[in-house]
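The values are calculated or read from the model by the stated rules, or taken from the named source; none is laboratory data. Everything numeric here is computed off the predicted structure, so don't read it as measured data. A quick note on method: Cβ atoms are made from the backbone with ideal geometry, for glycine too, and the neighbour counts reach across all protein chains shown.
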Amino acid sequence: MQLDTFLLILRILFIVLLYLFLMQVVIAITRDLRRTSASSEDMDSKGPPVLGHLIVVDSGPTNILPGTRFDLQPQTIIGRGPTNTIQITENFISSEHTRLWFRNGMWYVQDAGSVNGTYVNNQPAREVISAKPGDIIRVGYIQFKLTA
Amino acid sequence: MAQMTQRSSGGFRRYRWTELGLFILPIVILLLEMTQLLLTKLDPASTPDLRKFPSIQELTPIIGLVTVLLLAHIVLNIFFRKTDQFLLPLVGLLSGLGVLMATRLGPAVGDVNQGNKQLAWVVIGLVICLGTIFALRNIHWLARYKYTAALFGVILFCTTLVNALHANLDTPTHDQLKLGPFAFQPSELLKICVVIFFAAYLSENKDVLAEGGWRIGRLRLPPLRQLGPIALMLFISLILFLVVRELGLALLIYGIFLSMIYLGTNKLAYVLVSVAVAVLLGFIGFKLLPYVRQRFAVVGFDVVNWQNWSDADTYFASNAGYQVVQGLIAVSSGGILGAGFGLGHPGYVPVIQSDMVFTAFAEEFGLIGLFALMGIYLFVLYRGFRIAIEATDTFSKLLAAGLTSIFAIQTLIISAGNLKLMPLTGIPLPFLSYGGSSVIGNFIIIGILLRISYNTALERDGMG
């Protein structure tokens with residue numbers, strides 16, 4: 001093999017390696033982009049940790065679709081005002097209606113001094129009542145099921 | 001508690017593996033090309049055998065460059081783990097190719113040590129790049145001292161203005177500051193100072209500028225009080241460049257101005273007005289300055305029809321149009337695969353090591369190599385603009401976008417000039433042109449971009 005053939009091989013090798021490098025950059029960039037979009041989706045929807053859900057089973061006189069899920073944070077307040085964790089703008093719901101919190105593996109529900117009351121499994125929650133997944137929590141005239 | 005343990009054990013995974021992986025191919029490519037360059041010095045009809053292969057001693061410059069790049073990678077790992085992982089390999093490959101090209105072209109243009117000089121500049125540039133990342137602990141310090149930065153740039157440039165006025169005023173001069181054996185172009189630093197000034201000014205005043213103060217028909221222009229400093233800065237730059245006769249730099253500054261105005265205020269009207277003013281100024285320049293006319297004449301010259309040239313055409317091609325015509329011949333000689341590194345004939349093109357290095361690359365690496373080179377530049381631009389998008393405050397965003405625009409417009413202007421699509425200017429092709437100040441200026445740009453990406457990553461992920 002003569003030197004110029006060998007040099008031809010080297011030249012082609014150079015071009016091939018250059019394009020391999022570009023491909024490597026493209027692959028790394030797409031991987032990077034996918035990772036960033038996934039993590040930003042996570043970050044957008046997570047925020048504070050979601051420890052459970054309230055699913056509407058009976059929406060009473062409201063227009064809320066049965067089956068609507070609300071995220072429950074470690075400390076959740078349901079009410080009509082905008083400062084609540086879960087805001088439901090219905091007339092029969094007080095500005096701060098129900099307080100729920102999660103401690104030591106158990107949910108606790110207490111009425112926050114509302115007009116129409118909070119009930120856990122039809123028990124009035126004037127004092128703190130514990131609730132577990134599957135219980136029906138009634139806030140005013142809406143019934144939710146507590147799930148994990 | 002669980003989150004704490006996750007942070008400390010992530011040390012292995014959070015090493016900059018992507019960057020290290022991206023370094024492998026550039027290192028192989030650079031070593032390969034150096035070997036090829038040394039092999040071309042042998043007799044082409046001989047058979048290659050291992051004894052004639054370049055020794056380690058001959059490959060030392062490239063091995064030195066590779067070592068410095070890996071050292072920079074290690075420094076980033078220790079101190080700035082979260083910076084962008086793509087910029088350094090891309091820029092390392094570009095600067096390595098620049099050193100190789102300088103080594104190759106050195107003997108052809110008469111300066112045998114060109115490669116070593118370029119290597120020295122690249123190493124200094126890398127050190128300055130890392131220094132910039134260390135020094136810019138608080139980017140907003142740059143914003144606070146924007147008028148100082150602008151003044152610094154203008155003063156630097158005025159020193160070369162004085163220098164230029166001493167020289168012959170009819171020929172286009174290059175702005176150069178001679179410090180002993182080294183020639184330094186302060187315009188590189190001036191560009192960065194201008195971008196810092198624009199970014200800081202726009203980030204503070206963008207609401208007022210976008211709002212607009214007075215109307216001309218359907219056009220709203222910003223109030224004079226806000227428009228004043230920015231327009232003044234622009235006109236100072238333009239006049240300086242016109243006197244020193246570096247039209248390419250004037251075009252570059254204007255392009256940066258346009259892109260930053262649009263990014264800062266999102267008003268197409270401003271861009272259109274600016275373009276109209278630029279066209280008007282260009283027309284005036286065309287009428288007044290003879291060498292501007294000459295450069296435009298080169299663009300209009302018909303090279304393809306060379307067999308039917310008149311005597312005047314032949315005269316033009318041998319004198320005024322010689323550089324660009326020879327450049328085009330070189331590009332076409334390269335063909336698709338190229339003549340081969342070290343196997344082309346760059347001696348025919350004047351100033352091939354700095355202004356026309358694009359044609360040298362095209363001749364020896366062909367169309368395919370040229371596309372790959374453009375690909376590398378495009379990736380650098382992509383990362384630069386991505387850093388700008390992800391930045392968390394307006395000043396960083398505008399600064400990153402402005403610096404990337406410098407890089408983009410430079411590459412565009414000189415590539416178009418080499419290919420006779422635009423009048424040829426003296427703008428250097430970033431990292432590939434032989435010239436220390438361009439290398440250092442571009443490394444400072446990369447350093448600032450890396451720092452901005454580091455700040456963004458810190459804010460996003462926390463200190464972990």
Check your understanding: Taking B:Gly426 and the conditions (1) surrounded by fewer than 24 Cβ atoms within 10 Å (Cβ to Cβ); (2) part of a helix (DSSP H, G or I); (3) within 18 Å of the chain's Cα centre (by Cα), which numbered condition does it fall short on, given that it satisfies the others?
Key -> (2)
Revision key, fill the gap. Looking across the stretch B:371-410 at residues that are assigned to a helix (DSSP H, G or I) and among the β-branched types (Val, Ile, Thr), the single one that is farthest from the chain's Cα centre (by Cα) is B:Thr394
Review point. Among the residues of the stretch A:107-128 satisfying the criterion of being aliphatic (A, V, I, L, M) and modelled with pLDDT of 80 or more, which is farthest from A:Thr76 (Cα to Cα)?
Key: A:Val115
**Study point:** Residue among B:Thr67, B:Thr103 that alone is more than 14 Å from chain A (Cβ to nearest Cβ), touching a Pro at 6+ places or on another chain (Cβ under 9 Å) and either farther than 21 Å from B:Ile24 by Cβ or not hydrophobic (A, V, I, L, M, F, W, C) (or both)
**Key:** B:Thr103
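Here is a yes/no grid of residues against (1) part of a helix (DSSP H, G or I); (2) in contact with an Asp or Glu (Cβ under 9 Å, 6 or more places away or on another chain):
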residue	(1), (2)
A:Leu33	yes, no
A:Ser39	yes, no
A:Phe70	no, no
A:Gln110	no, yes
Check your understanding: Picking from B:Tyr377, B:Tyr434, which residue would you name as being modelled with pLDDT of 95 or more and hydroxyl-bearing (Ser, Thr, Tyr)?
Key -> B:Tyr377
Check your understanding: Yes or no: A:Thr36 in contact with a Ser or Thr (Cβ under 8 Å, 6 or more places away or on another chain) and either within 30 Å of A:Ala125 (Cβ to Cβ) or surrounded by 13 or more Cβ atoms within 10 Å (Cβ to Cβ) (or both)?
Key -> no
Practice item. Go through the residues of the stretch B:67-81 one by one and say whether even a single one is surrounded by 18 or more Cβ atoms within 10 Å (Cβ to Cβ) and in a loop (DSSP other than H, G, I, E, B). Key: yes
**Study point:** Qualifying position, being more than 16 Å from the chain's Cα centre (by Cα), modelled with pLDDT under 80, within 14 Å of another protein chain (Cβ to nearest Cβ) and over 16 Å from A:Gly140 (Cβ atoms), among A:Thr36, A:Thr30, A:Thr83
**Key:** A:Thr36
Review point. In this structure, is B:Leu263 in a helix (DSSP H, G or I) and either within 19 Å of B:Ile427 (Cβ to Cβ) or without any contact (Cβ under 8 Å) to a residue 40 or more places away in the chain (or both)?
Key: no
Study note, to complete from the structure: The correct count of residues that are crowded, with 24+ Cβ neighbours inside 10 Å and of a type outside the set (Ser, Thr, Tyr) in the stretch B:436-446 is 6
Practice item. Kindly indicate the residue of the stretch B:296-349 that is assigned to a helix (DSSP H, G or I) and of a type in the set (Asp, Glu) and also nearest to the other protein chains (Cβ to nearest Cβ) among those meeting that condition. Key: B:Asp313
Check your understanding: Given the conditions (1) out of contact with any Ser or Thr (no Cβ under 8 Å at 6 or more places or on another chain); (2) away from every other protein chain (no Cβ under 14 Å); (3) not in a helix (DSSP H, G or I), which single one is not true for A:Pro49?
Key -> (2)
Practice item. Please work out if B:Leu20 is within 19 Å of the chain's Cα centre (by Cα), in contact (Cβ under 8 Å) with a residue 24 or more places away in the chain, part of a helix (DSSP H, G or I) and within 13 Å of another protein chain (Cβ to nearest Cβ). Key: no
Review point. Are there any pairs, at least 6 apart or on different chains, whose C-beta atoms fall under 9 Å, with the first in the stretch A:67-78 and of a type in the set (Asp, Glu) and the second buried (at least 18 other Cβ atoms within 10 Å of the Cβ), and if so, which?
Key: A:Asp71/A:Gly52; A:Asp71/A:Leu54; A:Asp71/A:Ile86
Review point. In this structure, does A:Leu20 turn out to be within 14 Å of chain B (Cβ to nearest Cβ), within 30 Å of B:Gly344 (Cβ to Cβ) and either assigned to a loop (DSSP other than H, G, I, E, B) or among the hydrophobic types (A, V, I, L, M, F, W, C) (or both)?
Key: yes
Check your understanding: In this structure, does B:Ile368 turn out to be assigned to a helix (DSSP H, G or I) and more than 18 Å from B:Met422 (Cα to Cα)?
Key -> yes
Point to revise | Residue tally, condition crowded, with 19+ Cβ neighbours inside 10 Å, assigned to a helix (DSSP H, G or I) and at pLDDT below 80, over the stretch B:240-260 | key: 4
Check your understanding: If you check A:Phe92 against the conditions, is it more than 30 Å from B:Ala372 (Cβ to Cβ), among the aromatic types (Phe, Trp, Tyr), in contact with a strand residue (DSSP E or B) (Cβ under 8 Å, 6 or more places away or on another chain) and more than 13 Å from chain B (Cβ to nearest Cβ)?
Key -> no
Point to revise | Positions within the stretch B:436-464 being farther than 16 Å from B:Ile192 by Cβ and small (Gly, Ala, Ser), in sequence order | key: B:Ser453, B:Ala457, B:Gly462, B:Gly464
